[in-house]
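Take a look at the structure below.
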Amino acid sequence: MATLDLTAWIEQQKVSRTQILVMVHGPALKVLIEEEFGDGIMSAIDFDLQMERQADPKGDRVRISMSGKFLPYKYYGATGNAQAYGYKEEMGNRFRSFPQKRESSCWVPAFAGTSG
């Protein structure tokens, strides 16, 4: 007969809830990052995570804050007016979040193959 290790199950639930949070809200976070910064990703290496307790009359809340360096995609073979990097650029009073049409659809994070 199998026994239930309650401590292990409780710990697994904490990890599982965090994974679900990222899976559910991850696509929206991706779009928000692209709108604010341009094409690229948030670093998970140059990264800080803070957790704090937030008092609330309905029950304490957990506040998780993530801070990671923005890593723009580098477009190899970009020609014409296409950007070489995925940084958001200012165009008059309007912002353009994504590079114009590129000759090549191949992208690699800008940090790939570079030092620093």
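Values quoted throughout were computed directly from the atomic coordinates according to the rules given, and no laboratory measurement underlies them. These numbers come from a predicted model, not from an experiment. Glycine gets a Cβ as well: all are built from the backbone with ideal geometry, and neighbour counts include every protein chain shown.
Numerical summary
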quantity	calculated
Boolean, E11 is surrounded by 11 or more Cβ atoms within 10 Å (Cβ to Cβ) and out of contact with any Cys (no Cβ under 6 Å at 6 or more places or on another chain)	yes
Filter result (over 15 Å from the mean Cα position of the chain (by Cα), part of a helix (DSSP H, G or I) and acidic (D, E)) within region 1-54	E11
